[in-house]
Amino acid sequence: MAWQIYETHYKEPSIVLAGINGNGFVLANRLTKLIESISTVSTLVAEVTIDKKEPFNSPISLDIKEEDFSNKVVILVDDVLNSGKTMIYGIKHFLKVPVKMIQVTALIDRKHHRFPIYTDYAGLILSTSLKDHVAVELGDNEGVFIQ
């Protein structure tokens with residue numbers, strides 16, 4: 001995924017990787033390190049704090065200022081894209097100022113979209129039933145588990 005992001009944005013002086021709190025933020029930090037190890041593209045990591053179960057009832061916040069992502073490429077990062085609800089609410093803050101482009105990346109794309117959000121970069125696309133739960137573990141026992 002890091003190579004794909006670099007190949008698309010190699011002419012950009014800097015990009016913003018905004019990770020959804022939890023595994024999305026961990027993944028954004030990992031992608032940042034990989035992109036900076038293979039290229040001269042500068043990356044800024046941001047954390048998007050959102051209640052994943054009820055994003056419409058809770059405040060959504062960013063840990064960077066609007067001028068940090070104004071007129072830049074923003075890539076929203078999460079571990080699993082299922083319905084697209086978390087991602088679409090996560091994009092909301094980035095629409096307050098002009099940006100060059102907003103893209104979405106997820107380690108796992110389940111393709112059960114209920115919102116018009118699709119991955120530009122996906123680690124793995126899984127065909128699962130709606131009853132399945134996909135869990136991503138990042139850390140000591142890394143892996144993707146279907147329950």
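Any read-out appearing in this document is the output of simple, stated calculations on the displayed coordinates, not a laboratory observation. Note that the coordinates shown come from a computational prediction; the quantities given were computed from them, not determined experimentally. All Cβ positions, glycine included, derive from the backbone under ideal geometry; neighbour counts span all protein chains shown.
General observations
- Simple label model, 7 Å out from Cα along Cβ direction - residue 97 to residue 120, nm: 1.8
- Residue-wise HN-Hα coupling along segment 64-70, computed from phi with Karplus coefficients 6.51, -1.76, 1.60 (Hz; x: Gly, Pro): 10, 8, 4, 5, 6, 10, 4
- Bridge type composition, the chain - antiparallel percent by DSSP, nearest 5: 20
- The chain, helix-only ellipticity at 222 nm - DSSP H runs n ≥ 4, -39,500 (n - 2.57), divided by all residues, nearest 500: -6500 deg cm²/dmol
- Between residue 83 and residue 4, the FRET efficiency from the beta-carbon distance, with R0 = 25 Å, is close to 0.60.
- Between the Cα long axis of helix 23-38 and the first principal axis of the chain there is an angle of about 40°, rounded to the nearest 10.
- Site pair residue 140 and residue 14 shows an inter-label distance of 3.7 nm when each label is modelled 7 Å from Cα along Cα→Cβ.
- Net length available on complete extension from residue 57 to residue 33 is 5.3 nm, with 0.36 nm assigned per residue and the Cα-Cα distance removed.
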